[in-house]
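K.L.:
To start, I am sharing the structure in question, which I have written as structure tokens.
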Amino acid sequence: MAHVPASGSIVVSDWHRCKDSKEYFSKILHKKRRKPFGLLESPVMPPHAAVDTVHYKIFISGKSGVGKTALAARLAGLSTPNLHYETTGIETTVVFWPVKLRESGRVLFFRLQLWDCGENALRRFDHLLPSCKEQVDAVLLLFSFTDRTSFEDLSNQIAKWTETPVVKLVVGTKFDLFMHCDVAERDVRDFQERCGLPVLRTGGEVSDGLGDVAPILNCLAENLWHQDCVIARSGSHHSQQETGTLL
């Protein structure tokens, strides 16, 4: 993957707070709460405000118990489970998120299909990981701030994706449980400098607003769009080279 874009350089990171975003965000809300979407559902905009929708597949990776299922629920605005249970197979969650591109002012709906698979299921069934990796666009690498071993396991997680050209983001869960924190900020800074990957944080109660998920969803959208633009430019460059060779 190409270099990671600076935060806010491609999408307007605080757009969900701006007046001109209300018409778009109202389509993913119902009575001020996030609206759940099924696999075949999508937000419906009036003709004068019709926007393009871009589709992406996201895999959530991490040790058992770090909060993969809870993160998927949080990003979709769904209720998070009170008790931990091991995901027995593959669970998918659809998230719609409107984004305004900084340079052009164009608005897009990002349709993110989150794939979550239990660690034990991945070990038992060889076909599950290839299914999760097939046509995947990004991977969220999770660790828990209350579990040191999950942080130390990040290098193993990253190694599994070195041959796959996808967006990689690291998410630290249970950031609110500072009394039980097992990973220091110094360790996180050292990891970022060493690996060059963004590290995002999540934790605490899920609010009815959008502010607690906006940093992760905007960062994900920004990196996905950047990756697509790099691939598009590369394809155009190769086409020009081939045309020149033919001439």
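K.L.:
Scan around Arg201 for amide H atoms under 5 Å from its own, H built in the peptide plane at 1.01 Å from N, and keep only partners 5 or more places away or cross-chain.
P.N.:
It is Gly172, by chain and number.
K.L.:
Taking the Cα centre of region 15-246 as the origin and placing charges on Cβ (Lys, Arg +1; Asp, Glu -1), which of Ser144, His48, Asn218 is farthest toward the positive end of the dipole?
P.N.:
The Cα lying farthest towards the positive end belongs to His48.
K.L.:
To continue, here is another question. How would you classify region 155-229 from its alpha-carbon gyration tensor, with a ≥ b ≥ c the square roots of the eigenvalues: rounded for a/c under 1.5, else prolate if a/b is greater than b/c, otherwise oblate?
P.N.:
Oblate.
K.L.:
So which of Lys19/Lys133; Lys100/Lys168; Lys32/Lys100 end up more than 29 Å apart by C-alpha?
P.N.:
Lys19/Lys133
K.L.:
5 Å is the cut-off here: which amide hydrogens, built 1.01 Å from N in the peptide plane, fall below it relative to Leu142, excluding neighbours closer than 5 in sequence?
P.N.:
Ser61, Gly62, Val171
K.L.:
Across the chain, where is the longest run that never hits GluC sites (Glu not before Pro) in a DSSP loop with at most 12 other C-beta atoms within 10 Å? Don't jump to the answer; show the numbers that get you there.
P.N.:
Details: sites that count: Glu41, Glu86, Glu103, Glu134, Glu163, Glu205.
Longest run free of exposed loop sites: 42-85.
K.L.:
Could you tell me the calculated FRET efficiency between Thr149 and Ile231, based on Cβ-Cβ distance and R0 = 41 angstrom, to the nearest 0.05?
P.N.:
With a Förster radius of 41 Å, E is 0.70.
K.L.:
Taking a label point 7 Å from the Cα of Thr53 along the Cα→Cβ vector, which residues of region 90-114 have an amide N closer than 15 Å to it?
P.N.:
Once the point is set 7 Å along Cα→Cβ of Thr53, 93-99, 108-114 turn out to lie under 15 Å by backbone N, inside region 90-114.
Quick note: the coordinates plus some simple rules give every number you see, no bench work behind them. All figures in this text were calculated on a predicted structure; none of them were measured in a lab. With ideal geometry, Cβ positions are generated from the backbone for all residues, glycine too; neighbour counts draw on all protein chains shown.
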